[in-house]
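Undergrad: A single structure is presented below for examination.
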Amino acid sequence: MSAAPPPVSPAWAVELVGIDKRFGPVHANRDVTLRFAPSSIHGLVGENGAGKSTLMSILYGFYEADAGEILVRGKQVDIRTPQDAIRLGIGMVHQHFMLVETFTVLENLLLGHEGGPVLGPAMQRARAEVRELERQFGLEVPLDALVSDLPVGVQQRVEILKALYRGAEVLILDEPTAVLSPPEVEQLFRILERLRQQGRTVLLITHKLKEIMAITDRVSVLRRGQVVAEFITAETDRQALADAMVGRKTSLSVDKAPSHPGDVLLSAQNVNVIDGRGVTTLKDACLNVRAGEIVGVAGVAGNGQSELLEVLSGMCRFDSGTVTLKGQEIHPATKYDAADARRRGLAHVPEDRLKLAVIKEFPAHESAILGYHQDKSLSKGWRLNWKQVVAKTVSLMEQFDVRPPNPNLRTSLFSGGNQQKLVMAREMEREPDILLVGQPTRGVDIGAIAFIHRQLVSLRDRGKAILLVSAELDEILALSDRILVMCDGEIVGELSAAEANESRIGTMMAGIKDAPVAEGVPA
Amino acid sequence: MDTLLGFLSLLDSTFRLATPLLLAALAGFYSERAGVVDIGLEGKMLVAAFASAAAAAIYGSAWVGLGAGILASLALALLHGFACITHKGNQVVSGVALNIVALGLTAVLGNAWFQMGGRTPNLPADARFGELTLPLAETLRGVPLLGPIYYELVSGHNILVYLALAIVPLTWWIAYRTRFGLRLRAVGENPAAVDTAGISVTALRYQAVLIAGVLCGIAGSYLSTAQGAGFQTNMTAGKGFLALAALILGKWKPVPTLFACLAFAFADALQTRLQGVALPGIGEVPVQLIEALPYLLTVLLLAGFVGKAIPPKASGRPYVKDR
């Protein structure tokens with residue numbers, strides 16, 4: 001569908017006036033008033049649960065507001081369903097893509113916009129129209145490929161194209177960069193620039209301040225359902241945005257003293273993992289982690305970091321090589337599982353919290369003892385000592401500032417940051433000699449990030465060895481004493497904290513080996 | 001010539017036996033492709049068989065019987081939709097419940113209305129779907145090879161057999177070449193994508209469930225007014241489940257599902273012919289073992305000969321807008 005020509009310079013493309021929305025006891029949006037200019041990129045930032053997504057879902061007709069008005073191009077409108085929103089020229093790219101994976105790209109574009117009861121002729125017309133849109137916005141996608149065969153970056157382009165094909169003048173993007181690699185992010189930003197040039201309005205929801213600074217014209221900050229600040233991007237900076245988001249001064253960097261590494265506690269020599277398809281997912285991995293240091297592992301997601309964590313934590317077998325844990329060798333034939341790892345003093349905070357670390361449906365006190373449920377202190381003979389379990393959870397919650405401090409609340413009802421704090425508390429409480437941490441602050445708000453970072457540094461200062469895997473370069477740079485970079489299953493280089501910077505790591509992540517192999521990695 | 005005729009008659013009964021399986025499996029296709037698991041194929045067929053036989057016995061017309069069968073099956077389909085779509089209930093539980101209700105209801109009503117121990121009266125020929133002789137079948141009968149094939153195999157079935165076979169390409173065309181089909185397949189894979197595209201998930205799923213109701217209605221009517229001449233207690237005897245197995249073997253695609261139905265029906269047809277026959281080198285095989293043949297085949301095929309069957313991703317899951 002080619003879009004209608006933009007109306008003669010309306011003051012605002014979309015206005016939200018006094019929007020209010022409650023979900024039971026949760027007041028998700030309180031009297032929110034926001035205005036978005038045409039031909040602009042407007043950022044919407046806020047911590048998790050600040051109400052950004054709810055607000056945009058109201059604009060897209062997914063939810064109905066309890067109170068308030070929406071104006072599109074100066075006219076008051078009634079948006080009850082996504083269909084209404086689409087008709088008014090509002091499109092949305094959801095955080096979890098709304099694509100049918102078993103369909104081709106073209107079929108996905110057609111869905112809901114078929115142009116007739118029989119597909120044949122409509123397909124031909126759609127193909128021509130989509131080609132035109134691709135040219136106009138520089139969005140190339142293979143129309144006849146199955147969506148499930150496409151990388152996420154391309155799937156996202158399909159989502160954008162889908163919105164444009166349905167005539168979107170206003171495009172909402174919900175956390176669009178969460179799943180993208182740095183080059184994909186750049187490509188996305190080029191597309192967004194193009195949309196702005198062509199007179200479209202882009203609403204960008206994110207919690208990454210760097211992106212806001214890089215691409216938006218204006219930015220609104222939400223906190224606990226309210227708009228607390230609005231800036232013209234060129235006139236503000238990251239610190240000001242961060243302060244507005246959390247409502248108090250925060251520091252983005254981590255205070256830490258130089259490390260004093262001791263003995264090697266964890267090492268790997270030429271570890272290989274070959275997966276079910278015969279692909280080598282971890283190639284000749286060699287590393288050493290010493291007492292009292294944090295070793296960061298950087299890399300684009302899916303380049304062997306997950307396999308590395310899984311092997312070291314005993315979750316997955318390796319095919320050759322040796323892992324040495326506090327001087328004891330582990331070979332592929334050695335019995336070594338997650339319980340063995342814990343017994344030997346290795347704790348693990350997995351990358352995917354909800355899949356591997358907690359059980360959403362369990363109350364917090366049950367999630368808080370997973371993996372340690374056999375512990376003598378928590379049992380009475382063959383039964384669990386519930387009183388003790390609850391008491392233990394309360395103390396964990398206190399130490400790690402888990403809010404609300406209610407051990408009987410269902411795990412899923414805690415925010416991402418508080419779930420993570422509970423997991424960190426569980427794993428760090430027994431003072432493990434070695435801690436493996438994957439994505440410690442994924443989906444965690446800024447206040448909790450600083451807390452988690454402080455805890456990791458203090459564990460290091462108590463002489464423990466920490467291996468940190470993170471997709472956030474800032475985090476790697478802020479915390480690590482040494483940095484390993486992985487690409488394509490291999491550790492392609494190592495940098496000390498002093499010599500590391502974003503661009504240097506970036507080149508190595510792309511597979512270009514530049515740095516000399518430094519101390520600590522056997523040749 | 002005798003072997004040819006024997007083989008043709010074996011294939012002939014294969015088609016007869018495949019028809020109810022095929023109709024029920026296609027019913028399952030629509031329902032499951034829309035994301036609604038349908039364990040209740042069996043129950044819908046059973047009420048349809050009963051309603052159809054009862055109406056045909058009273059009004060003396062197979063067509064009235066067919067109409068009654070479809071209506072009865074639709075009623076159960078609506079109930080399933082109401083429980084699973086409107087009220088987001090568990091689809092397997094609802095399906096099992098419908099099967100139990102159908103089994104009990106048909107037996108009780110049959111006994112109350114006709115007092116024949118749950119059976120309905122024997123239907124006279126004009127209250128059943130009779131065999132159609134296709135044009136030129138008699139004339140061409142003498143032509144070697146093609147003549148007998150045309151006469152024995154192609155001609156001489158009742159109209160529902162031809163209808164069932166015609167529904168296969170029709171279903172393929174609807175599913176892959178129409179707007180409705182695109183939406184149907186989408187709602188079984190990712191209902192959220194359908195919802196955000198501005199299409200009603202509820203309406204689509206109801207349509208799918210009702211189509212399944214119509215097809216099960218035809219399947220059930222076929223059992224009591226075309227293949228048989230009246231209703232007997234539990235006359236579906238697991239055919240609904242066999243149809244479900246065929247759908248899985250056919251990987252939720254219409255044409256492979258047809259072949260799966262034919263394979264089951266062939267095993268069934270073979271089974272009746274093997275009873276009491278001494279096999280060379282083995283001797284006479286116990287009837288019970290032979291009767292188990294189609295079911296053994298099902299288990300074997302499902303256990304590993306077909307590779308991985310991936311169901312529609314959203315099947316079995318009620319659609320709830322997440323937050």
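Each value in this text was obtained by applying a stated rule to the coordinates, not by laboratory testing. What you are looking at is a predicted structure, and each value in this text was computed from that prediction instead of being measured. Methodologically, a virtual Cβ is constructed for each residue, glycine included, from the backbone with ideal geometry; neighbour enumeration extends over all protein chains shown.
Undergrad: Could you pull out which residues in the range B:199-230 have an amide N less than 17 Å from a spot 7 Å beyond the Cα of B:Val287, following the Cα-Cβ vector?
TA: Of the residues in the range B:199-230, none has backbone N under 17 Å from the label point off B:Val287.
Undergrad: For the range A:264-509, list log₁₀ I(q)/I(0) at each q in 0.09 Å⁻¹, using the Debye formula over Cα point scatterers of equal strength and ignoring solvent, two decimals each.
TA: Log-scaled intensity ratios, in q order: -0.38.
Undergrad: Let me ask something else about it. Can you tell me the 0 to 90 degree angle between the C-alpha axis of helix A:119-137 and the longest principal axis of chain A, rounded to 10?
TA: Roughly 80 degrees, rounded to the nearest 10.
Undergrad: Rg to Rh ratio, the range A:396-479, alpha-carbon atoms and Kirkwood radius? Let's see the in-between values first.
TA: Numbers: Rg = 12.5 Å, Rh = 13.2 Å.
Computed over Cα atoms, the ratio is 0.95.
Undergrad: Find how many whole Å separate the alpha carbon centroid of the range B:286-303 from the alpha carbon centroid of the range B:113-164.
TA: 28 Å
Undergrad: Scan around A:Asp319 for amide H atoms under 5 Å from its own, H built in the peptide plane at 1.01 Å from N, and keep only partners 5 or more places away or cross-chain.
TA: Distant-sequence amide H within range of A:Asp319: A:Asn272, A:Val273, A:Ile274.
Undergrad: Can you list, largest first and rounded to whole Å, the semi-axes you get for the range A:14-246 by taking the square root of 5 times each eigenvalue of its Cα gyration tensor? Don't jump to the answer; show the numbers that get you there.
TA: Working: eigenvalues 176, 85, 49 Å².
With the √(5λ) rule applied to the range A:14-246, the semi-axes are 30, 21, 16 Å.
Undergrad: For chain A, calculate the relative contact order in percent as a whole number, restricting contacts to Cα pairs under 8 Å that are 6 or more residues apart.
TA: Taking the mean separation of contacting Cα pairs over the length of chain A, I get 14 percent.
Undergrad: Among B:Leu5, B:Leu165, what is the fewest-to-most ranking by other Cβ atoms within 10 Å?
TA: B:Leu5, B:Leu165
Undergrad: Hey, another quick one. Compute the distribution of all C-alpha to C-alpha distances in the protein assembly as shown, in bins of 20 Å from 0, and list the percent of pairs in each, rounded to whole numbers.
TA: Bin by bin from 0 Å, the calculated values are 13, 35, 33, 17, 3, 0.
Undergrad: Let me ask something else about it. Given the options A:Ile476, A:Leu312, A:Phe414, identify the residue whose Cα lies farthest towards the positive end of the charge dipole of the range A:264-509 (+1 on Cβ of Lys, Arg; -1 on Cβ of Asp, Glu).
TA: Going by the Cα projections, it comes out as A:Phe414.
Undergrad: Another question, then. What are the radius of gyration and Dmax of the range B:139-269, computed over its Cα atoms and given in Å?
TA: 18.3, 62
Undergrad: Taking the beta-carbon count within 10 Å as an exposure proxy, list B:Leu258, A:Leu180 from fewest neighbours to most.
TA: Fewest-to-most Cβ neighbours within 10 Å comes out as A:Leu180, B:Leu258.
Undergrad: Still on this structure, I have one more. What is the list of residues in the range A:135-178 whose amide nitrogen lies under 14 Å from a point 7 angstrom out from the Cα of B:Lys313, following Cα to Cβ?
TA: Correct set: A:146-152, A:155-156, A:159.
Undergrad: Then there is this: Which FRET efficiency, nearest 0.05, do A:Asp401 and A:Arg125 yield, Cβ-Cβ r, R0 60 Å? It would help to have the intermediate numbers written out before the result.
TA: Details: r = 58 Å, r/R0 = 0.97.
So, using R0 = 60 Å, E works out to roughly 0.55.
Undergrad: Which far-off residues, 5 or more places away or on another chain, put their amide H under 5 Å from the one on B:His157, with H placed in the peptide plane?
TA: B:Leu132
Undergrad: If I stretch the segment between A:Arg22 and A:Ser377 completely, what's the gain in nm (0.36 nm per residue apart, minus their alpha carbon distance), one decimal?
TA: 123.5 nm
Undergrad: Let me ask something else about it. Hey, if you put +1 on the Cβ of every Lys and Arg and -1 on every Asp and Glu Cβ in chain A, which of A:Val279, A:Val72, A:Gly18 ends up farthest toward the positive end of that dipole?
TA: A:Gly18
Undergrad: Let me ask you something else. List residues of the range A:466-491, by number, whose backbone nitrogen lies under 18 Å from a label position 7 Å along Cα→C-beta of A:Ile274.
TA: Answer for this model: A:489-490.
Undergrad: Let me ask something else. Write down the percent of antiparallel bridges among all DSSP beta bridges whose residues are both part of the protein assembly as shown, to the nearest 5.
TA: Around 55 percent antiparallel, to the nearest 5.
Undergrad: Here is a further query. Once both axes come from the Cα atoms, what is the angle between helix A:386-399 and the longest principal axis of chain A, in degrees from 0 to 90, rounded to 10?
TA: 70 degrees
Undergrad: Here's a follow-up. What's the magnitude of the charge dipole for the protein assembly as shown around its Cα centre, counting Lys and Arg as +1 and Asp and Glu as -1 at the beta-carbon? Answer in Debye, nearest 20.
TA: For this selection, approximately 1580 debye.
Undergrad: Also, quick follow-up: If we count other beta carbons within 10 Å of each Cβ, what is the order of A:Ser57, A:Ser503, fewest first? Intermediate results must be reported in sequence, preceding the final value.
TA: Details: A:Ser57 24, A:Ser503 7.
Fewest-to-most Cβ neighbours within 10 Å comes out as A:Ser503, A:Ser57.
Undergrad: For a quick check: with amide H placed at 1.01 Å from N, whose amide H comes under 5 Å from A:Met486's, ignoring anything fewer than 5 positions away on the same chain?
TA: A:Ala298, A:Gly299, A:Val492
Undergrad: If you don't mind, there's one more thing I want to ask. Between B:Val96 and A:Asp263, how high is the FRET efficiency from 1/(1 + (r/R0)^6) when r is the Cβ-Cβ distance and R₀ = 56 Å? Nearest 0.05.
TA: 0.35
Undergrad: Could you check what % of the DSSP bridge pairs in the range A:14-246 are antiparallel, to the nearest 5?
TA: 55 percent
Undergrad: Sticking with this one: Label B:Leu270 and B:Ala137 with points 7 Å out from Cα along Cα→Cβ: what is the distance between them in nm?
TA: So the two model labels end up 2.6 nm from each other.
Undergrad: Starting from the 7 Å offset along Cα-to-Cβ, what nm value, one decimal, do you get for the label separation of A:Ser458 and B:Tyr59?
TA: 8.1 nm
Undergrad: Quick one: helix A:416-428 against the long Cα principal axis of chain A, what's the angle to the nearest 10°, folded into 0 to 90?
TA: Roughly 10 degrees between the two axes.
Undergrad: Based on the inverse mean of 1/r over its pairs of different Cα atoms, what is the Kirkwood hydrodynamic radius of the range A:116-193, in Å? Mind showing how you got there, number by number?
TA: On the way: mean 1/r = 0.0738 Å⁻¹.
Radius from the Kirkwood sum: 13.6 Å.
Undergrad: Averaged across the residues of B:191-203, what count of C-beta atoms belonging to other chains lies within 10 Å of each residue's C-beta?
TA: 6
Undergrad: I've got another one for you. Pulled fully out, how much extra length does the chain show between A:Glu230 and A:Ala338, if you take 0.36 nm times their separation in residues and subtract their Cα-Cα distance?
TA: Gain on stretching A:Glu230 to A:Ala338: 34.1 nm.
Undergrad: Rounded to the nearest 5, what % of the DSSP beta bridges within the range A:264-509 are antiparallel ones?
TA: Here the antiparallel bridges make up roughly 55 percent for the range A:264-509.
Undergrad: Work through the residues other than B:Gln91 whose Cβ is under 10 Å from its Cβ and net out their charges, Lys, Arg +1 and Asp, Glu -1.
TA: The answer is 0.
Undergrad: For the range A:388-419 and the range A:57-96, write down the distance between their C-alpha centroids in whole Å.
TA: Going from one Cα centre to the other spans 37 Å.
Undergrad: What would the Debye equation give as log₁₀ I(q)/I(0) for chain B at q = 0.09 Å⁻¹, counting only Cα atoms as equal point scatterers?
TA: Log-scaled intensity ratios, in q order: -0.49.
Undergrad: Return P(r) of the range B:57-132 (all Cα-Cα pairs; 5 Å bins starting at 0; whole %; ordered from short to long distances).
TA: 3, 14, 16, 19, 18, 12, 10, 6, 2
Undergrad: Moving on. Between A:Glu193 and A:Lys355, what's the calculated FRET efficiency when r is the beta-carbon distance and R0 is 30 Å? Round to 0.05.
TA: 0.25
Undergrad: Ignoring the sites themselves, what is the longest stretch of chain A with no GluC sites (Glu not before Pro) in a DSSP loop and at most 16 other beta-carbon atoms within 10 Å?
TA: A:141-360
Undergrad: Tell me, rounded to the nearest percent, the portion of alpha carbon pairs in the range A:298-411 spaced more than 17 Å apart.
TA: It works out to 64 percent of all Cα pairs.
Undergrad: For the range B:185-195, just list the computed ³J(HN,Hα) in residue order, Karplus coefficients 6.51, -1.76 and 1.60, θ = phi - 60°, integers in Hz, with x standing in for Gly and Pro.
TA: The phi angles translate into 5, 5, 6, x, 9, 8, x, 5, 5, 5, 4 Hz.
Undergrad: Radius of gyration and Dmax for the range A:192-292's Cα atoms, expressed in Å?
TA: Spelled out, the Cα radius of gyration and Dmax of the range A:192-292 are 22.5, 60 Å.
Undergrad: Mind giving me the nanometre distance, one decimal, between the label points for B:Tyr176 and A:Leu384, set 7 Å out from Cα along Cα→Cβ?
TA: Label-label distance for B:Tyr176 and A:Leu384, simple model: 5.1 nm.
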